[in-house]
1. Please report, for the Cα atoms of the range 85-148, the Rg to one decimal and the Dmax as a whole number; what are they, in angstrom?
2. What whole-number value in cubic angstrom gives the convex hull volume per residue for the C-alpha atoms of the range 128-180?
3. With charges only on Cβ, +1 for K and R and -1 for D and E, what is the dipole size of the range 127-172 about its Cα centre, in debye, rounded to 20?
4. Need one number: convex hull volume per residue for the chain, Cα atoms only, in Å³.
5. Over the chain, what is the relative contact order in percent, taking alpha-carbon pairs closer than 8 angstrom and at least six residues apart?
6. Rounding to the nearest 10 and keeping the result within 0 to 90°, find how far the Cα-based axis of helix 110-120 lies from the longest principal axis of the chain.
7. Along the three principal axes, how long is the range 1-65 when you take its alpha carbons, biggest first, rounded to the nearest angstrom?
8. Please arrange S50, S16 by accessible surface area, largest first, computed with a 1.4 Å probe and ligands excluded.
Amino acid sequence: MDTVQLHDKQFQIFISKDKIKKAIAHLALQVMEDMDDQETPVFIGILNGSFMFVADFVREYKKDCHLSFVKLASYQGTNSTGKIKQLVGVNEDLKGKTVVILEDIIDTGNTLAEIYEIFREQEVKQLKIATLFFKPDVFKKDLPIDYIGIPIEDRFIVGYGLDYDGLGRNLPDVYQLMNN
Ligand code: 5GP
């Protein structure tokens, strides 16, 4: 399939599943090499977009690890800042653990900033960030990203877990929005 139609928009093939597979194998190897032998990391996937990435990543990670998924949910706060993000799904105590966040894509970095904010309170030993896709031209934050799979230009993508208004998450390859 060279193009797909999702709702009102057309997308063209951009990154093949084979290229994604190689990038993930490389990411997993980098994380493994950096990990102290005594260390059992807790991988935390940020839902919904990261589910496919995480499933493939942990199959390439050949040492012991723990795995959890979390969701960032907005709720209307009662204070003046209005919307506050909250983490849903962390049931285990992360205190003193090495946590590696697995993100599908980092764009502006707003989500990443919230993740840093939330995990600071958890008193983890080490917090590392791995993202499959990264848009360097849009990223505005002065925050470290430890592992980057595939840097991409600033165009909207779908597939491999990423959606356009609910559709496209099941596509094995990644597609890019077409200019009309
Ligand atoms: P950020 O907070 O870094 O701006 O954006 C992070 C979130 O925005 C991602 O987790 C993802 O849900 C969404 N996002 C950013 N860029 C894209 C894109 O190109 N395609 C899709 N489907 N979602 C994106």
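The values are calculated or read from the model by the stated rules, or taken from the named source; none is laboratory data. Every value quoted in this text rests on a predicted model; they were computed, and no experiment measured them. When we count neighbours, we look across all protein chains shown, and the Cβ atoms used for this are built from the backbone with ideal geometry, even at glycine. We work out accessible area using only protein heavy atoms, side chains counted, and drop any ligands, DNA or RNA first. Shrake-Rupley method; radii C 1.70, N 1.55, O 1.52, S 1.80 Å.
1. My reading of the Cα-based Rg and Dmax gives 11.9, 36 Å.
2. 107 Å³
3. 100 debye
4. That works out to 133 Å³ per residue.
5. Relative CO of the chain lands at 26 percent.
6. 10 degrees
7. Rounded to whole Å, the extents work out to 51, 22, 14 Å.
8. Output order, biggest surface exposure first: S16, S50.
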